[in-house]
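Asks: This is the structure, below, for whatever I ask next.
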Amino acid sequence: MLNAILFWSISSIFFYKEGKRLWKLKAKKDMIIFTIFMCFAVTIITLHLFGVQFPYLIHVLDFITKPISEPLRQWLNSFHHT
Amino acid sequence: MEKIDGKQFTILVIMNTLGASIIFIPSIATGFGKENGWLTVLFSIAFGMLIVSMYSVIIKQQAERDIFCFIEDTFGKWFGVIIIILFNGYLFTNASANLWAIGDFMSLQILMGTPEQAIELIIIGTALIAIRHGIEVIGRTAEVFFPFTMLSTSLLTLLVMEEANWQNIQPVFQLNRLDTFVGTIPIIVITFLELFILLGITHKVNRPKSAQKGLLLGGFISGMLLLVITTACIVVLGLKATTHYTYPIYALGQRISLFNFLERVEILVAFIWFFTIFFKISITFYILSNGMSYLLKLKNHKTLSIPLALLLFLGSAILIPTTFNVFTFIYGPYLVFSVLFTIILPICILLINSVKSKQQKGS
């Protein structure tokens with residue numbers, strides 16, 4: 001919980017600073033996209049900090065590339081001396 | 001518009017090539033080539049320079065255009081956008097992997113007991129400051145730290161040479177010939193192929209010719225440095241130790257002892273790696289943030305830098321479960337993605353553009 005509070009505090013400072021910069025630039029589209037991305041990043045990291053276990057990227061990438069990466073890895077490992 | 005000169009670009013190329021590889025290459029090279037590990041690196045330099053030459057031709061075709069704009073011009077609007085999205089995914093994976101690598105190394109070897117995520121947060125925070133200052137500042141900072149990095153690398157290899165046992169690299173190319181060649185694949189993947197990412201900043205180099213020259217020169221110098229370090233690891237630590245240590249170069253630093261005055265300077269390794277990988281993360285992050293801005297047609301790359309920094313931090317936390325999985329990652333999905341985005345994509349770019357230019361000449 002403490003980690004999450006610390007993270008929210010840092011994120012809100014960042015949000016305020018960047019929001020202020022974009023407001024001055026009158027970049028409305030940038031402001032909307034920044035808000036969407038920031039909300040997404042904060043939500044997903046908060047879930048991670050609350051112990052929600054996301055799949056490891058290596059497993060996801062391995063799943064996507066399995067037909068190629070699996071035989072390739074086996075072939076490479078056959079030349080690797082341990 | 002921000003500009004860097006050819007010298008700064010060359011330094012960034014060297015820093016990028018050494019980045020993740022300096023710490024992993026000796027064990028990968030000896031894992032495949034055994035006593036010919038140094039030859040594996042030598043062959044990698046030869047093949048790598050061919051690939052870098054291909055990138056150099058792309059820089060010429062790019063003609064001061066942003067790589068994302070160039071991809072869109074080459075492949076057309078819709079297909080171009082799909083490729084840019086996928087390429088951004090590759091950049092994200094690369095930056096997260098490098099962030100994880102330095103966090104893992106620091107928490108295991110130097111700041112023992114410190115949570116890996118705390119180190120990663122500090123590093124991505126620093127990279128965030130760097131990219132918000134822009135490429136000019138990153139280039140100048142690299143110029144400042146470059147002599148120190150080179151001095152540390154030279155000291156690391158020279159000071160251990162008195163312990164060298166040259167029998168460790170013999171017999172030369174008599175055994176494991178095929179393994180020696182196969183070992184070049186993962187080495188090229190984590191060194192020279194990643195230089196394609198740097199094409200994202202070549203339009204910021206004040207003269208395109210100096211970017212081409214910088215890429216070739218930087219690639220060659222860093223390759224030579226990797227060759228010297230791998231050879232030093234094999235002759236000083238021996239084959240078994242170089243293969244089995246996760247960070248053989250760190251063990252090399254632990255061997256340094258000079259007149260009871262210069263002792264345990266393995267921290268030099270940490271300095272070298274910290275500086276090189278910091279620039280690698282910053283550059284990849286900078287190009288990723290430019291890529292996302294291009295994709296979403298934003299006014300400035302700074303807009304998405306903060307949320308992307310947070311996502312990269314999360315990416316590094318959920319990338320790999322343990323250090324033992326790192327080679328599964330390099331030999332598997334990362335190799336596939338690297339080949340796809342840094343060999344097949346550039347070849348397609350070259351072919352399409354040469355056909356287009358022929359058609360233009362014909363008409």
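Asks: Please list, or write none, the aspartates and glutamates whose alpha carbon is within less than 20 Å of the alpha carbon of B:Lys204, excluding same-chain residues fewer than 8 places away.
Replies: Leaving aside aspartates and glutamates fewer than 8 places away in the same chain, those within reach of B:Lys204 are B:Glu2, B:Asp5, B:Glu64, B:Asp66, B:Glu72, B:Asp73, B:Glu136, B:Glu143, B:Glu194.
Asks: Could I ask something else about it? Rounded to a whole number, what % of the accessible area of the protein assembly as shown do carbon and sulfur atoms account for, probe 1.4 Å? Provide the component values of the computation, followed by the final result.
Replies: On the way: 13240 of 19250 Å².
The C+S portion of the solvent-accessible surface of the protein assembly as shown is 69 percent.
Asks: Here is a follow-up. Between region B:320-363 and region B:133-182, how far is it from one alpha carbon centroid to the other, in angstrom?
Replies: Answer, in whole Å: 26.
Asks: Could you tell me the distance between the Cα centroids of region A:11-82 and region B:280-319, to the nearest Å?
Replies: Between the Cα centre of region A:11-82 and that of region B:280-319, the gap is 10 Å.
Asks: Short version: ³J(HN,Hα) in whole Hz for each residue of region B:309-322, in order, from phi by Karplus 6.51 cos²θ - 1.76 cosθ + 1.60 (θ = phi - 60°), x for Gly and Pro, what are they?
Replies: Ordered by residue, 3J(HN,Hα) equals 4, 5, 5, 5, 4, 5, x, 5, 6, 10, 7, 10, x, 9 Hz.
Asks: Now, a different point. Once the Cα gyration tensor of region B:6-349 is found, what semi-axes does its equivalent ellipsoid get, as square roots of 5 times the eigenvalues, in whole Å, sorted largest first? Let's see the in-between values first.
Replies: Details: eigenvalues 209, 100, 69 Å².
That gives 32, 22, 19 Å for the three semi-axes.
Asks: Give a residue-ordered list of calculated ³J(HN,Hα) values for region B:155-162 (Karplus: 6.51 cos²θ - 1.76 cosθ + 1.60, θ = phi - 60°; whole Hz; x for Gly, Pro).
Replies: Computed from phi, the couplings for region B:155-162 are 4, 4, 7, 5, 6, 9, 5, 5 Hz.
Asks: A further question on this structure: In percent, what relative contact order does chain B have, based on Cα pairs under 8 Å that are 6 or more apart in sequence? Walk me through the intermediate numbers first.
Replies: Details: 510 pairs, mean separation 140.9, N = 363.
Normalised by residue count, the contact order of chain B is 39 percent.
Asks: Taking 0.36 nm per residue of separation and subtracting the Cα-Cα distance, what length does fully extending B:Ser363 through B:Ile267 add? Each step should come with its number before you reach the end.
Replies: Values: separation 96, 0.36 × 96 = 34.56 nm, distance 6.20 nm.
Computed gain between B:Ser363 and B:Ile267 is 28.4 nm.
Asks: Taking each residue of A:45-58 in turn, how many C-beta atoms of other protein chains fall within 10 Å of its C-beta, and what is the average?
Replies: Numbers: counts 5, 0, 1, 5, 3, 0, 0, 0, 1, 3, 1, 8, 14, 14.
Per residue, the average neighbour count from other chains is 4.
Asks: If you don't mind, there's one more thing I want to ask. I'd like the FRET efficiency for B:Met224 and B:Ile122, computed as 1/(1 + (r/R0)^6) with the beta carbon distance as r and R0 of 22 Å, rounded to 0.05. Intermediate values should be presented prior to the final figure.
Replies: On the way: r = 32 Å, r/R0 = 1.45.
So, using R0 = 22 Å, E works out to roughly 0.10.
Asks: For region A:2-77, count all C-alpha to C-alpha pairs, find those more than 20 Å apart, and express that count as a whole percent of the total.
Replies: Details: 1567 of 2850 pairs.
In whole percent, the long-distance tail amounts to 55.
Asks: Skipping prolines and chain starts, which residues have an amide H placed within reach, meaning under 5 Å, of the one on B:Ile4, given they are 5 or more residues away or on another chain?
Replies: Sorted by chain and number, the residues that satisfy this are B:Val205, B:Asn206.
Asks: Add -39500 (n - 2.57) for each DSSP H run of 4 or more in the protein assembly as shown, then divide by its residues: what number comes out at 222 nm, to the nearest 500 deg cm²/dmol? Can you show the working numbers first?
Replies: Details: 19 runs with 326 residues, N = 445.
About -24500 deg cm²/dmol.
Asks: With 30 Å as the limit, write out which pairs from B:Lys3/B:Lys280; A:Lys66/B:Lys280; A:Lys26/B:Lys7; B:Lys280/B:Lys358; B:Lys7/B:Lys302 have Cα-Cα distances beyond it, or answer none. If you can, show how the numbers build up before the last one.
Replies: On the way: B:Lys3/B:Lys280 18 Å; A:Lys66/B:Lys280 28 Å; A:Lys26/B:Lys7 37 Å; B:Lys280/B:Lys358 37 Å; B:Lys7/B:Lys302 25 Å.
Check vs 30 Å cut-off fails for A:Lys26/B:Lys7; B:Lys280/B:Lys358.
Asks: Give the aspartates and glutamates whose C-alpha is closer than 16 Å to that of A:Lys28, dropping any in the same chain fewer than 8 places away, or say none.
Replies: Output for A:Lys28: A:Glu18.
Asks: Given a 1.4 Å probe and the protein chains all in place, what does the accessible area of B:Cys69 round to, in Å² to the nearest 10?
Replies: Accessible surface of B:Cys69 is approximately 40 Å².
Asks: Need one value for B:326-339: mean number of C-beta atoms belonging to other chains within 10 Å of its residues' C-beta atoms. Don't skip to the end; give the middle numbers.
Replies: Working: counts 1, 4, 5, 7, 2, 8, 12, 15, 5, 6, 10, 4, 0, 2.
Taking all residues of B:326-339 together, the mean is 6.
Asks: Tell me, what is the per residue accessible area of chain B in Å², probe radius 1.4 Å?
Replies: On the way: 13620 Å² over 363 residues.
Accessible surface, normalised per residue, equals 38 Å².
Asks: Probe radius 1.4 Å, ligands and nucleic acids left out: can you give me the accessible area buried at the B-A interface, summed over both chains, in Å² to the nearest hundred? Don't skip to the end; give the middle numbers.
Replies: Details: alone 15540 and 7600 Å², together 19250 Å².
Answer for the B-A pair: about 3900 Å² buried.
Asks: What does the charge add up to near B:Trp100, with Lys and Arg as +1, Asp and Glu as -1, over the other residues with Cβ less than 14 Å from its Cβ? List each step's numbers first, then the result.
Replies: Details: positive: B:Lys280; negative: B:Asp104, B:Glu116, B:Glu120.
Neighbourhood net charge equals -2.
Asks: Rounded to the nearest 0.05, what FRET efficiency do B:Glu2 and A:Asn3 have when you use their Cβ-Cβ distance and R0 = 56 Å? Write down the numbers at each step before the final one.
Replies: On the way: r = 36 Å, r/R0 = 0.65.
With a Förster radius of 56 Å, E is 0.95.
Asks: Roughly what % of Cα-Cα distances in region B:226-325 sit above 24 Å, to the whole percent? Display every interim value, and only then the final one.
Replies: On the way: 2349 of 4950 pairs.
The share of Cα pairs beyond 24 Å in region B:226-325 comes to 47 percent.
Asks: Another question, then. How much accessible surface does B:Val205 have with a 1.4 Å probe, in Å² rounded to 10?
Replies: B:Val205 exposes around 0 Å² with every protein chain in place.
Asks: Another one. Can you tell me the alpha carbon radius of gyration of the protein assembly as shown divided by the globular rule-of-thumb value 2.2 N^0.38 Å?
Replies: Details: Rg = 21.9 Å, N = 445, 2.2 N^0.38 = 22.3 Å.
Normalised Rg, Cα atoms only: 0.98.
Asks: Right, here's the next one. Viscosity 1.306 mPa s, temperature 10 °C: Stokes-Einstein D of region B:43-135 from its Kirkwood Cα radius, in µm² per second?
Replies: On the way: Rh = 16.3 Å.
Rounded to a whole number, D works out at 97 µm²/s.
The values are calculated or read from the model by the stated rules, or taken from the named source; none is laboratory data. Model, not experiment: these values are computed from the prediction. Cβ: placed from backbone, ideal geometry, glycine included. Neighbour counts: every protein chain shown. Heads up: the accessible areas ignore ligands, DNA and RNA and are worked out on the full protein's heavy atoms, side chains in. Shrake-Rupley method; radii C 1.70, N 1.55, O 1.52, S 1.80 Å.
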